[in-house]
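Encoded as structure tokens, the structure appears first; notes follow it.
Rule-based calculations on the coordinates, nothing more; no lab input. Values in this document were obtained by computation on a predicted structure and should not be read as measured data. Positions of Cβ are generated from backbone atoms using ideal geometry, with glycine treated the same way; all protein chains shown enter the neighbour counts.
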Amino acid sequence: MGEPLFFSAQWADAVCGALTAGPSKEHRDGKLPEYWDYFELVKSAYPASWALGCRDLPAALGKCPAYLTVRWGGGSVTECQITGPDDPLDATYVLGMDYDGWRALHDGYDAQRTVMYRKILLEEGNLLEFFTTIYFFVECLAVIGTVPARRPT
Amino acid sequence: MRLLAHAVLTARCEIQGGALVAERKSPTAVLREGPRALSEAQVREIEEADLGSVGGVDIDDVIEYVHKDLKSLPDFITLYRKYLKQRWDVYDLDFTQDKIDWTEKMSEEERQSFIAVSSGFHHGERQVEIELPVFMIGASEEEKLHIAAQIEDEARHTVFFDRFYREVVGLAGDGIMDILDASFPWVSETFVGPFGLLAYQADEVRRNPYDERARVRYGTNYFLWIEGVLALSVMKVTLSYARWRGFLPAYYAGFTATCRDESRHVQGGMRYLQDAVRKDPSMISEIHDTLRTILSLSGVASRRIYFEPLGWTEQEVQTLFFQQLRRKLNDVGIDLPPDLEVLLEQVEPTLAGG
Ligand SMILES: [Fe+2]
Ligand SMILES: [Fe+2]
């Protein structure tokens, strides 16, 4: 069976586990402890949800646009699932990225530059509010990129 | 040890009366001196220096010059005409001596501190170059000229760092992005705060180019924060180091000329914000909201940068940083509400610029 398919329900479950566990020790070791204290502080009270869309998901992976919906509450992930174009879109922040951007992130491209180079973009939600916790978002995006998945070649 | 080197250097410089530096004061002297008065002759020297003579201009005078016109801001045609006189050719710089200084005279600690600061600029210049074009769409005809000039300035600043990293630091790569990739490991994780925000604000302006409120939020981040506070503070750190030690003459000349370009950008940006608030006083809330987000991010650091080899402490950089912000806000007439005053006290500088 091996790795789940990218943007599948099983992959979303694995993402949920990875976000709950948080960044790896190697990743944490490269940055100041105060930075991670801040990360944990934001995480403990983060009230919002993200719908992270793929605008042009290949047909082999499902209908598009598809969204990885991540809901936070009480310091943990309360919902992490794939929602399709026919499901209601209910998230504080809706973001979108092309499949190329997702693929690059999954292959290890830097999450900070994924945001800064506008590969992933905020499509709905208050921009200034979203950015008050941008370091938390970027670190979570990096975690999502590390979750193993199979992709069609 | 450093004091001794300083004394030797001072003596050598006085004997030679070199073109690069006429005066050797401590890099942080400006923190104690406070605002300085520029004579007409000094202003003329700054405004008219070409690339060959700009190396003799004191960086503290150039930073003072940024503030000179903030109380009565020049119009965009005046700024455009200054640009036409002040633009310089980045390919005229000769980095031969800089390479010798970098490899033979600077210590490993100095190189690491320097590169930790300059990498923020390398990426910052590129970011402000590519995010500016959308702001031109909704600008007045006169401001369009100034923005077109500024885009060219920022492109030139990007090439300046590309050349510095290739020819002095020794990074290798075919294209501009290869060199950006190579210097990115020195860029702090918190860089995405102001520069990611700018990218998303540029996208907001792209979607609604005539939305004046979105433009004011963008302008607050770009011109007031990134250029007016971050860039000018951190420019000063590397430039005063180079001047103090008598190192990196082409870097000093090119980046001092860059600082003079930034003075036009900051003045143009402050003019834009001031005009927007005069036209519609409720715009002040967009400036405050933007500063609230920026300040709440700026207290977070992911790496410790050691400024000491460059002659600074973190505390001194922070003091410089506050001075820069306060002066812009006071000169342009932007008051802060109490919650922002509190946030401001918790801020640490992000090492970047544009
Ligand atoms: Fe600039
Ligand atoms: Fe610049």
With unit charges on the beta carbon (Lys/Arg positive, Asp/Glu negative), name the residue among B:Phe321, B:Phe161, B:Tyr252 whose Cα is farthest towards the positive pole of the charge dipole of chain B.
B:Phe321
Rounded to the nearest 0.05, what FRET efficiency do A:Asp13 and B:Asp335 have when you use their Cβ-Cβ distance and R0 = 35 Å?
0.10
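Using the Cβ atoms and a cut-off under 14 Å, what net charge is assigned to the surroundings of B:Thr293, where Lys and Arg are +1 and Asp and Glu are -1? Don't skip to the answer; put the middle values down first.
On the way: positive: B:Arg217, B:Arg292; negative: A:Glu129, B:Glu204, B:Glu286, B:Asp289, B:Asp339.
Value of the local net charge: -3.
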Ranking A:Phe137, A:Pro152, A:Gln81 by how far each Cα lies towards the positive end of the charge dipole of region A:77-153 (+1 on Lys and Arg Cβ, -1 on Asp and Glu Cβ), the top one is A:Pro152
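Please find the FRET efficiency linking B:Asp94 to B:Gln315, where r is the Cβ-Cβ separation and R0 is fixed at 56 Å, and quote it to the nearest 0.05. If you can, show how the numbers build up before the last one.
Working: r = 36 Å, r/R0 = 0.65.
The formula returns an efficiency of 0.95 here.
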Under-5 Å amide H pairs with A:Glu79, H placed in peptide plane, nonlocal only:
A:Arg71
Can you give the helix-only mean residue ellipticity at 222 nm for chain A, where every DSSP H stretch with n ≥ 4 adds -39500 (n - 2.57) and the sum goes over all residues, rounded to the nearest 500 deg cm²/dmol?
-11500 deg cm²/dmol
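Just tell me how shielded B:203-213 is by partners: mean number of partner chain Cβ atoms within 10 Å of each residue's Cβ, no decimals. Please list the in-between numbers first.
Values: counts 5, 3, 0, 1, 2, 0, 0, 0, 0, 0, 0.
That average works out to 1.
Determine the shielding of peptide B:295-301 by partner chains: average, over its residues, the number of Cβ atoms on other chains within 10 angstrom of each Cβ.
On the way: counts 1, 4, 5, 0, 2, 9, 5.
Mean inter-chain Cβ contacts per residue within 10 Å come to 4.
Past 18 Å, Cα to Cα: identify those pairs from B:Lys144/B:Lys236; B:Lys82/B:Lys144; B:Lys236/B:Lys328, in the order given. All intermediate terms of the calculation are to be shown ahead of the outcome.
Details: B:Lys144/B:Lys236 29 Å; B:Lys82/B:Lys144 15 Å; B:Lys236/B:Lys328 16 Å.
Pairs exceeding 18 Å: B:Lys144/B:Lys236.
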Taking every residue of A:19-31, the Cβ atoms of other protein chains inside 10 Å of its Cβ average out to 1
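Between B:Asp280 and B:Ala41, what's the calculated FRET efficiency when r is the beta-carbon distance and R0 is 60 Å? Round to 0.05.
Working: r = 41 Å, r/R0 = 0.68.
It comes to 0.90.
For B:Arg111 and B:Ala155, compute 0.36 nm times the residue count separating them, minus their Cα-Cα distance, and round to one decimal in nm. It would help to have the intermediate numbers written out before the result.
Values: separation 44, 0.36 × 44 = 15.84 nm, distance 2.51 nm.
Contour length minus the Cα-Cα distance gives 13.3 nm.
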List the residues, sorted by chain then number, that are 5 or more residues from B:Gly299 or on another chain and whose placed amide H is less than 5 Å from its amide H.
B:Glu348
Give the cross-link partners of B:Lys99 among the aspartates and glutamates, using a straight C-alpha distance below 16 Å as the criterion and excluding same-chain residues fewer than 8 apart.
B:Glu108, B:Glu110, B:Asp162, B:Glu167
Most mobile listed residue (B:Ser107, B:Ser118, B:Ser188) in chain B, GNM with C-alpha springs under 10 Å:
B:Ser107
Per residue of region B:148-156, what does 6.51 cos²θ - 1.76 cosθ + 1.60 with θ = phi - 60° give for ³J(HN,Hα)? Whole Hz please, x for Gly and Pro, Karplus curve as stated.
4, 5, 5, 4, 5, 4, 5, 5, 5
Region A:39-153: antiparallel bridges as % of DSSP beta bridges, rounded to 5, reads 75 percent
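Please go through region A:24-73 and write out the trypsin sites (Lys or Arg not before Pro) that DSSP classes as loop and that have at most 16 other C-beta atoms within 10 Å.
On the way: sites: A:Lys25, A:Arg28, A:Lys31, A:Lys43, A:Arg55, A:Lys63, A:Arg71; in loops: A:Lys31, A:Arg55, A:Lys63.
Qualifying residues, ordered by number: A:Arg55, A:Lys63.
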Could you tell me the distance between the Cα centroids of region A:7-80 and region B:200-275, to the nearest Å?
34 Å
GNM of chain B, Cα pairs under 10 angstrom: of B:Gln315, B:Gln127, B:Gln112, the biggest fluctuation goes to B:Gln315
Roughly how far apart, in whole Å, are the Cα centres of region B:312-336 and region B:60-113?
20 Å
Grab the other residues whose beta carbon is less than 11 angstrom from that of B:Ile179, score K and R as +1, D and E as -1, and report the net.
-2
Other-chain or far-sequence residues with amide H under 5 Å of A:Ala66's (modelled H):
A:Cys54, A:Leu57
Taking A:Lys63 as the anchor, which lysines have their alpha carbon closer than 28 Å to its alpha carbon, excluding any fewer than eight residues away along the same chain?
A:Lys119
Mean Cβ neighbour count within 10 Å, used as a protection proxy, ranking B:88-95, B:158-165 highest first:
B:158-165, B:88-95
Take every DSSP beta bridge with both residues inside the protein assembly as shown and express the antiparallel ones as a percent of the total, to the nearest 5.
75 percent
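State whether the protein assembly as shown is rounded, prolate or oblate according to the following rule on the C-alpha gyration tensor (a ≥ b ≥ c being the square roots of its eigenvalues): a/c under 1.5 gives rounded; otherwise a/b larger than b/c gives prolate, and the remaining case gives oblate.
Details: a/c = 1.98, a/b = 1.58, b/c = 1.25.
Taking the square roots of the gyration eigenvalues as a ≥ b ≥ c, the protein assembly as shown is prolate.
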